[in-house]
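S.K.: The structure's right below; bear with me while I get my questions together.
Laboratory data are not the source of any read-out in this text; all were calculated from the coordinates shown. What you are looking at is a predicted structure, and each value in this text was computed from that prediction instead of being measured. Cβ atoms come from the backbone with ideal geometry, glycine included; neighbour counts cover every protein chain shown.
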Amino acid sequence: MAQITKTVIFPCSTEWLGQDQSTTTVGIATYEGPEQLLTEWHKEVPGQCERTLDPNSKDAEKPCPLDCVQVMLDCSKYPLHALALWGQKYRGARIIVEVGPSDIDNPSIADPHDFQETFDQRSFYYDVATSTWSNGAFNHDGDPTGISSEGVQFGWDWVRSTRNQMLDECDGRVAAPDTPASVIAPWKVYRQRLRDLPADWAGIGTATHLIVWPMDPDQVAAGKTFGVIPAVGGDITGDLVPTDPNTDNANLNNAPN
């Protein structure tokens, strides 16, 4: 079966994780893969894809499980489904946003107009009951755990709850009476950073996903290069996936809309 490369222009929401379609902004993504994809969908679990295969692959010769149904996806007709199920040719760009305290590195976030950031990837599926392909849906910022009175996952209620939990988790690192002062000192700095976090990042308004969380001393010692970074959708990473030539890393002075 033929391999195809198809570049798709798709709608974007007016803001990151928003539900209103923008009339001025679109995204772009490139699919590269089989012209058709062999997919297997669970009969009893709506929207659950068990396998996505190249029809010419050895794996495609294996029989379909009894609790699944096989469906061929026409990637030219449903390119957004192909992107969600097979992947993009290029990984999304990263954006450096110039916000936050001057002594902390500026946050690096996924391009909010990247395909995986724009759409809920689970919204692209085959409806076994109606024998139709779904319509995609924008990513959303719901609060499934009920932490936030703001009704959003990345609100300030969530930030304070996460900050308090991180403080609780390291109480013992500064409370032990026989711990050397040289060991306690970096933990005190870390804990003060956590306490100051709401004030330090107040200037970002409601864009709390931009916060660069402090690393604890154990993370620093292990050579970790990032702290707690909430993610929705998630950008594609990996040295084997080139960056889309249609986009470049950018610098923004404000939170993305």
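S.K.: Output ³J(HN,Hα) for segment 207-217: one whole-Hz value per residue in order, computed from phi by the Karplus curve 6.51 cos²θ - 1.76 cosθ + 1.60 with θ = phi - 60°, and x for Gly and Pro.
M.R.: 7, 5, 5, 7, 4, 9, 7, x, 8, 7, x
S.K.: Further question on the same structure: On full extension of the chain, what length is gained from Gln21 through Ala176, given 0.36 nm per residue of separation minus the C-alpha to C-alpha distance?
M.R.: 50.4 nm
S.K.: Please list, or write none, the lysines whose alpha carbon is within less than 30 Å of the alpha carbon of Lys77, excluding same-chain residues fewer than 8 places away.
M.R.: Lys6, Lys43, Lys58, Lys62, Lys89
S.K.: Here's a follow-up. What FRET efficiency, computed as 1/(1 + (r/R0)^6) with R0 = 45 Å and r the Cβ-Cβ distance, is obtained for Glu61 and His140, rounded to the nearest 0.05?
M.R.: Numbers: r = 39 Å, r/R0 = 0.86.
Efficiency for this residue pair is about 0.70.
S.K.: Considering all alpha-carbon pairs of segment 1-127, what whole percent are spaced by more than 25 angstrom?
M.R.: Considering segment 1-127, 38 percent of its Cα-Cα pairs are separated by more than 25 Å.
S.K.: For Ile184 and Ala202 in the same chain, what is the full-extension length gain: residue separation times 0.36 nm, less their Cα-Cα distance, in nm?
M.R.: 3.7 nm
S.K.: Please arrange Asp67, Asp216, Asp157, Asp114 by how many other C-beta atoms lie within 10 Å of their C-beta, fewest to most.
M.R.: On the way: Asp67 12, Asp216 22, Asp157 17, Asp114 26.
Arranged by neighbour count, lowest to highest, Asp67, Asp216, Asp157, Asp114 become Asp67, Asp157, Asp216, Asp114.
S.K.: Place the peptides 18-26, 130-138 in order of packing, highest mean first, counting for every residue the other Cβ atoms within 10 Å and averaging per peptide.
M.R.: 130-138, 18-26
S.K.: Which of the peptides 104-113, 7-16 is most tightly packed, and how do the rest follow, going by the mean number of other Cβ atoms within 10 Å of each residue?
M.R.: Final packing ranking: 104-113, 7-16.
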